[in-house]
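A.B. asks: Once you've had a glance at the structure underneath, I'll fire off some questions.
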Amino acid sequence: MPTSIKKLLENKNIKNVLSVSPETTVYEALEVMAQYNVGALLVMVDEELVGIFSERDYARKGIIKGRKAKSTTMTEVMTPNVFTVESKLTTKECMELMSVGRFRHLPVVENGKVIGVLSVGDIVNEMLQEQKLHINFLESYIAS
Ligand code: AMP
């Protein structure tokens, strides 16, 4: 049975949504990312999701574009149109969306509110567990 991503979110170590404001500098955002060991942060104004900032934005839009981490804010480097998913989706569906969209982070929304973020690592780990269970089931079915 494919796991719903809601269950997956519940089992994550980081329960709260890690976010910063549009005025946060790149340097401050990188500090938060290092502290929590994550590759992306949501950019939010109160409860509204206005963007996403990932390590890749830093790599592509930061120093090579002549920007300085301490004086550049999220507004200048974030991706404003964030792709989100509903919590009823399965891991497989999320994997397909990430693969087509070429991004590794998916905010999960329930009743219009962001309830968590899944990374490609979370999804891959969960899919490996699902496959292991499936193989165990088939092996014991064949053996019986
Ligand atoms: P990532 O692979 O997640 O590090 O991100 C690659 C690029 O896609 C970066 O420019 C991110 O800002 C952007 N990005 C990441 N996740 C999303 C998302 N869920 N919706 C839209 N853009 C995203």
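The values are calculated or read from the model by the stated rules, or taken from the named source; none is laboratory data. Since the structure is predicted, the reported quantities are computational estimates derived from the model, not experimental observations. Because the Cβ atoms are built from the backbone with ideal geometry, glycine has one as well, and the counts that use them run over all protein chains shown. Protein only, heavy atoms only, side chains kept; ligands, DNA and RNA dropped before computing areas. Shrake-Rupley method; radii C 1.70, N 1.55, O 1.52, S 1.80 Å.
A.B. asks: Please specify each residue of the range 17-31 satisfying the condition of being within 15 Å of the ligand (Cβ to nearest atom) and touching a Ser or Thr at 6+ places or on another chain (Cβ under 8 Å). Spell out how you get there, then give the answer.
C.D. replies: As a first pass, look at the range 17-31 and keep what is within 15 Å of the ligand (Cβ to nearest atom): 17-20, 22, 24, 26, 29-30.
Within the range 17-31, Pro22, Thr24, Val26 qualify.
A.B. asks: Applying the selection to the range 59-74, what residues are open to solvent by 90 Å² or more (accessible area, probe 1.4 Å) and assigned to a helix (DSSP H, G or I)?
C.D. replies: Just the residues of the range 59-74 that are open to solvent by 90 Å² or more (accessible area, probe 1.4 Å), to begin with: 60, 63-65, 68, 70.
Scanning the range 59-74 gives Arg60, Ile63, Ile64, Lys65.
A.B. asks: Lys6 - would you say it is among the charged types (D, E, K, R) and either within 12 Å of the chain's Cα centre (by Cα) or part of a loop (DSSP other than H, G, I, E, B) (or both)?
C.D. replies: no
A.B. asks: Of the residues that sit in the range 45-58 and are open to solvent by less than 90 Å² (accessible area, probe 1.4 Å), in a strand (DSSP E or B) and not aromatic (Phe, Trp, Tyr), which one is farthest from the ligand (Cβ to nearest atom)?
C.D. replies: Of everything passing the filter in the range 45-58, Val45 is farthest from the ligand (Cβ to nearest atom).
A.B. asks: Ok, one more. If Leu42 satisfies all but one of (1) free of Cβ contacts under 8 Å to residues at least 24 places away in the same chain; (2) within 12 Å of the ligand (Cβ to nearest atom), what's the number of the condition it fails?
C.D. replies: (1)
A.B. asks: Counting only residues that are within 16 Å of the ligand (Cβ to nearest atom) and of a type in the set (Ser, Thr, Tyr), which one in the range 98-144 is nearest to the chain's Cα centre (by Cα)?
C.D. replies: Filtering first and then ranking leaves Ser119.
A.B. asks: Report every pair of residues separated by at least 6 positions or lying on different chains whose Cβ atoms are under 9 Å apart, first residue within the range 78-94 and within 6 Å of the ligand (Cβ to nearest atom), second open to solvent by 50 Å² or more (accessible area, probe 1.4 Å).
C.D. replies: Pairs found: Thr79/Phe103; Phe83/Leu97; Phe83/Phe103.
A.B. asks: Examine the range 26-42 for a residue that is touching a strand residue (DSSP E or B) at 6+ places or on another chain (Cβ under 7 Å), closer than 18 Å to Val117 by Cβ and open to solvent by 30 Å² or more (accessible area, probe 1.4 Å), and state whether such a residue exists.
C.D. replies: yes
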